[in-house]
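K.L.:
The structure is given below, and queries will be raised subsequently.
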Amino acid sequence: MGAAKPVITGTAASATSAASTYRINAGDELEIYVWGEERLQRKVKVLPDGTMAFPLVGQIKVQGLLPSEMEQLITNGLSAQYVGAVPQVTVSVLVPSGMQFSVMGRVNAPGTFSPGRYVNVLEALSMAGGPSEFANLDNVLIIRKSGEQLSTLNVRLAPLFKTGADAKDVARGNILLIETGDTVIVR
């Protein structure tokens, strides 16, 4: 019974950590609230170029920012409008639809997916209907965008699909988290 508590605590800490590290993506729907200023409460969608407009601040680049970083950016932009301190600014991600990735190649249902949460490469493969009969899971490729640069990452998943897979197979599998804009190719 004593072992259950650390598991619960670890899960809660992981969930809190994931929530606090969510970065805003193009396509996300946000709600911005400035305390005591109903005229400045807005629901906005981040444009494909990663920007959005906010009254008295103008067009700002928000893609890749944490919600807390965006709150500070808006607070700084509003500071010229207030004699004293700027009221509390809160940014909430209402719909994280900008989190998109594609899966193609030898899978049963290739396509583009918007899970609304972080997923790893195994979950991405599952969303694409799983590997097809002749898929080579020893060399799954992830193409990742970082600004204008592209990088490739290799993932070895075949041992996980064999009978008797254990923790060592999981560790060797390099099960990466999928990031927005990733393309997973199963050969």
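All of the numbers you see were taken from the coordinates with simple rules; none came from a lab. Given the structure is predicted, the values throughout are model-derived calculations rather than measurements. As a convention, Cβ positions derive from the backbone with ideal geometry for all residues, glycine included, and neighbour counts pool all protein chains shown.
K.L.:
Which net charge results when you count Lys and Arg as +1 and Asp and Glu as -1 among the other residues whose beta-carbon is under 15 Å from that of L66?
P.N.:
Residues close to L66 contribute a combined charge of -2.
K.L.:
Is the stretch 27-69 rounded, prolate or oblate when judged by the Cα gyration tensor, a ≥ b ≥ c being the square roots of its eigenvalues, rounded requiring a/c under 1.5 and prolate requiring a/b larger than b/c?
P.N.:
The shape class here is prolate.
K.L.:
Taking the Cβ of A158 as the center, what net charge do the other residues with Cβ under 13 Å away carry, scoring Lys and Arg +1 and Asp and Glu -1?
P.N.:
The answer is +3.
K.L.:
Once you order the gyration tensor axes a ≥ b ≥ c over the Cα atoms, which shape class does the stretch 101-153 get: rounded for a/c under 1.5, otherwise prolate or oblate by comparing a/b with b/c?
P.N.:
Oblate shape, in that a/c is at least 1.5 and b/c is the bigger or equal ratio.
K.L.:
Using only helices, what value at 222 nm comes out for the chain when you add -39,500 (n - 2.57) per DSSP H run of length 4 or more and divide by the total residues, to the nearest 500 deg cm²/dmol?
P.N.:
-6500 deg cm²/dmol
K.L.:
Quick check: net charge around R172, other residues with Cβ under 15 Å of its Cβ, Lys/Arg +1 and Asp/Glu -1?
P.N.:
With Lys, Arg at +1 and Asp, Glu at -1, the net is 0.
K.L.:
What does the C-alpha gyration tensor say about the overall shape of the chain? Classify as rounded when a/c is under 1.5, otherwise prolate if a/b is larger than b/c, or oblate.
P.N.:
Prolate.
K.L.:
Another question, then. P(r) for the stretch 32-134: what percent of alpha-carbon pairs falls in each 10 Å bin, starting at zero?
P.N.:
Taking every Cα pair in the stretch 32-134, the percentages come to 14, 36, 21, 16, 10, 3, 0.
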